[in-house]
Amino acid sequence: RIVRGGAAERSGLLSEGDEILEINGTEIRGKDVNQVFDILADMHGLLTFVLIPNNQNKPAPVKETVIHVKAHFDYDPSDDPYVPCRELGLSFQKGDILHIISQSDPNWWQAYRDGDEDNQPLAGLVPGKSFQQQREAMKQTIEEDKEPEKTGKLWCAKKNKRKRKKYNSHRADDLDEEILTYEEMALYHQPANRKRPIALIGPSSCGQAELRQKLLHNQPDRFAGAVPHTTRSRRDGEVSGRDYHFVSRQTFEAELAAGKLIESGEFEKNHYGTSTDSVRQVINTGKICVLCLHTQALKVLRSSDLKPYIIFIAPPSQERLRYLLTKDNKNPKPEELREIIEKAREMEQSCGHLFDSVIVNTDLDKSYTELLRLINKLDTEPQWVPCSWLR
């Protein structure tokens, strides 16, 4: 391959498929890539190549469109035995934005990491989507044979692995939702009159409810909560549309079946839920809707037209978490603290690719300041969102 940004591409004199015979008089034919690399490493100044051009009919060069993707997995080329050239492999982490500039090799795309273009003169190699799906499917099939299947996973974890035992490399489309690779993204600047809802996600006792309440209390003209739906009877003093939307069980179940409820639950034989329409009502007033949600709610929220900004509120260290909870007159047991931290780890592992930002709540006031900074940034800077949201 010809690497984008390299001397070979800039010269325009070398093409894929050319056979190199000599470099500066040194015979290359029959040598492997590593030997050629060592020879080139000792050469300086002008390089003269003797080669046999690739005489196959070459298609006219096509200027490839750059696509922007969000990585849904971590990648370290130093641990990848299949990368064609480790030195060119581009490491990245889940959540990084990659600019894919060439997909001419379907197995190994050429890319830059967002923000690194000036410091990365050569494009790096990253696994192509289909290639990554195929080898991950094979890897998971092997792991299944070693371990019993786990149950009770979060919705955003990978789906039932047993189906992948019948893996077929030609059915890549079926793997799109099973194996997380990349999601095509585009820049979006929210309109001044249509604010994106803020979804706070995290384990219990990590402070997301307190942060939400702080926003609603301190800036009621800017932030608001969505009025929930319920099937219970209205009590004295309650106003429909202010305290709750009081609906019949039949209406509630119809909304649930239609996928309009972001989340729902039952308490004392009555149903409660938050609908996309309730969030939309807040947006239509020009305010920012702030939600505290479970991870299961992200599926409906992200598939709506609401364009949520999702912030994960993560716990601090176990000792710091114990201090914060004790300060709030709680007396957590060590196993409860470990459970909160483990739950957060599971959430990040299973749903981290859906988070736009992460706040580690070491101090409520500092976390509140950081939360406001992130929200304010939505007004001043465009943000990466899934392309599907803008179609």
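The values are calculated or read from the model by the stated rules, or taken from the named source; none is laboratory data. The shown structure was predicted, so the numbers you read here are calculated from the model rather than taken from an experiment. As a convention, Cβ positions derive from the backbone with ideal geometry for all residues, glycine included, and neighbour counts pool all protein chains shown.
Among what's in the stretch 353-391 and is hydroxyl-bearing (Ser, Thr, Tyr) and closer than 19 Å to Lys327 by Cβ, pick the residue that is surrounded by the most Cβ atoms within 10 Å (Cβ to Cβ).
Ser367
Return the residue satisfying two criteria in turn: it lies in the stretch 34-69 and is exposed (fewer than 11 other Cβ atoms within 10 Å of the Cβ), of a type outside the set (S, T, N, Q) and under 25 Å from Ile101 (Cα atoms), and of such residues it is modelled with the highest pLDDT.
So the residue we want is Lys63.
Listed here are the residues, each with its yes/no results for (1) of a type outside the set (Gly, Ala, Ser); (2) at pLDDT below 95.
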{"site": "Lys307", "(1), (2)": "yes, no"}
{"site": "Ala314", "(1), (2)": "no, no"}
{"site": "Glu319", "(1), (2)": "yes, yes"}
{"site": "Pro332", "(1), (2)": "yes, yes"}
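Scan the stretch 382-391 and give yes if some residue there is over 19 Å from the mean Cα position of the chain (by Cα) and in a helix (DSSP H, G or I), otherwise no.
no
What is the residue count in the stretch 312-359 for residues that are touching an Asp or Glu at 6+ places or on another chain (Cβ under 7 Å) and more than 19 Å from Glu210 (Cβ to Cβ)?
0
For (1) surrounded by fewer than 14 Cβ atoms within 10 Å (Cβ to Cβ); (2) within 24 Å of Val33 (Cβ to Cβ); (3) hydrophobic (A, V, I, L, M, F, W, C), each residue gets a yes or a no:
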| residue | (1), (2), (3) |
| --- | --- |
| Leu88 | no, yes, yes |
| Asp96 | no, no, no |
| Asp114 | no, no, no |
| Leu122 | no, yes, yes |
| Pro127 | no, yes, no |
| Met138 | yes, no, yes |
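Just checking, does the stretch 259-276 include any residue being more than 26 Å from the chain's Cα centre (by Cα), more than 27 Å from Asn193 (Cα to Cα) and of a type in the set (S, T, N, Q)?
Yes, the stretch 259-276 has at least one match.
I want to confirm something. Restricting to the stretch 218-232 and keeping residues that are of a type in the set (A, V, I, L, M, F, W, C) and touching a Ser or Thr at 6+ places or on another chain (Cβ under 6 Å), which single residue is farthest from Leu291 (Cα to Cα)?
By that ranking, first place goes to Val227.
What do you reckon, is Ser248 of a type in the set (S, T, N, Q), surrounded by fewer than 19 Cβ atoms within 10 Å (Cβ to Cβ) and either closer than 28 Å to Asp363 by Cβ or under 23 Å from the mean Cα position of the chain (by Cα) (or both)?
Taking the combined requirement at face value, the residue does not satisfy it.
Looking at this structure, is Ser130 of a type in the set (Ser, Thr, Tyr), assigned to a loop (DSSP other than H, G, I, E, B) and within 23 Å of Ala186 (Cα to Cα)?
no
Given the conditions (1) outside the structural domain of Leu301 (by TED's automatic domain parsing); (2) more than 30 Å from Leu324 (Cα to Cα); (3) at pLDDT below 95; (4) not basic (Lys, Arg), which single one is not true for Tyr182?
(3)
Here is a check on your reading of the model: is Lys260 buried (at least 16 other Cβ atoms within 10 Å of the Cβ) and within 28 Å of Asn376 (Cβ to Cβ)?
So Lys260 fails the test.
Sort out which residues of the stretch 175-222 are of a type in the set (A, V, I, L, M, F, W, C), surrounded by fewer than 19 Cβ atoms within 10 Å (Cβ to Cβ), over 19 Å from the mean Cα position of the chain (by Cα) and farther than 15 Å from Ile375 by Cβ, and write them in order of number.
Selection gives Ala209 alone.
Report yes if some residue within the stretch 207-225 is touching a His at 6+ places or on another chain (Cβ under 7 Å) and assigned to a loop (DSSP other than H, G, I, E, B); otherwise report no.
Within the stretch 207-225, none of the residues are touching a His at 6+ places or on another chain (Cβ under 7 Å) and assigned to a loop (DSSP other than H, G, I, E, B).
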